[in-house]
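Read the structure below first, then the notes.
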Amino acid sequence: MELMGRQRMRGALPGVALAAAFWLAVYVAARAALQYLRAGSVEAVLTSIAPIFAFYAFAWVVQRAVRRADELERLIQLDALALAFSTTICVLMGLGLLDIAHAGRLEFPPMRDWWVTLPALYAICLLVARRRYR
Amino acid sequence: MRNDLRQRRAERGWSQADLADKLGVSRQTINAIETEKYSPSLELAFKIARLFKLRIEDVFQA
């Protein structure tokens, strides 16, 4: 029997988790390797873009899982992404303006780590979106 | 959108999971429709009406 709606999403979770783990492993390895590679070298540049390809593989797996989901699950995913995207813009914009207002005297996380904001907010917004339809 | 899906389902002795299986959606979707937190697409509304051998307006009321 064909898997239904949320079952299809749940069935896709191991693949999504595996793809996410692969991407994170490549990212962590790249960050570690960059500490030892000569700045500006070809090796450093190739190492820095490797996680991008790993992330696209992860995004492809997620997209495939969402395509298999039923209409409510797709709506929940859209709600979560819209909320996470807009919240991330607000946070990053606010940080940038605060940086200007304090003329660099505020302690911020390094810009290289700001990208974590979007997936972290997406995870939170997904919980919020799910509760709306419970 | 108001509906009496829960009553129709109960008359046939189906659980939410049973109805979800028959319609090809998740139990979460059925629950959200019954609690009127989610209005189904036209396609799903037609599927529901056809399953119960009723007109759409007999199941859903605007």
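Quick look at the values:
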read-out	value
Cα-based Rg / Dmax (Å) for chain B	10.1, 26
Square roots of 5 times each gyration tensor eigenvalue, C-alpha, the range A:4-134, largest first, Å	31, 24, 9
FRET efficiency, 1/(1 + (r/R0)^6) with R0 41 Å, evaluated for A:GLU71 and A:ALA33 via beta carbons	0.40
Net charge of neighbours whose Cβ lies under 15 Å from the Cβ of B:GLY13, counting Lys and Arg as +1 and Asp and Glu as -1	+2
Which of B:LEU5, A:LEU24 is most accessible, then next, and so on - probe 1.4 Å	A:LEU24, B:LEU5
At R0 = 22 Å, FRET efficiency that the Cβ-Cβ distance of B:ARG50 and B:MET1 yields, to 0.05	0.80
Percent of Cα pairs exceeding the 17 Å cut-off, where the set is the range A:23-80	53
Chain A: angle of helix A:42-68 to the longest principal axis, Cα-based, in degrees nearest 10	20
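The values are calculated or read from the model by the stated rules, or taken from the named source; none is laboratory data. The structure presented is a predicted model; accordingly, all values stated were derived computationally and were not measured. Ideal geometry is used to build each Cβ from the backbone, glycine not excepted, and the neighbour counts take in all protein chains shown. For the accessible areas, the whole protein counts, side chains as well, though only heavy atoms, and no ligand, DNA or RNA atoms are used. Shrake-Rupley method; radii C 1.70, N 1.55, O 1.52, S 1.80 Å.
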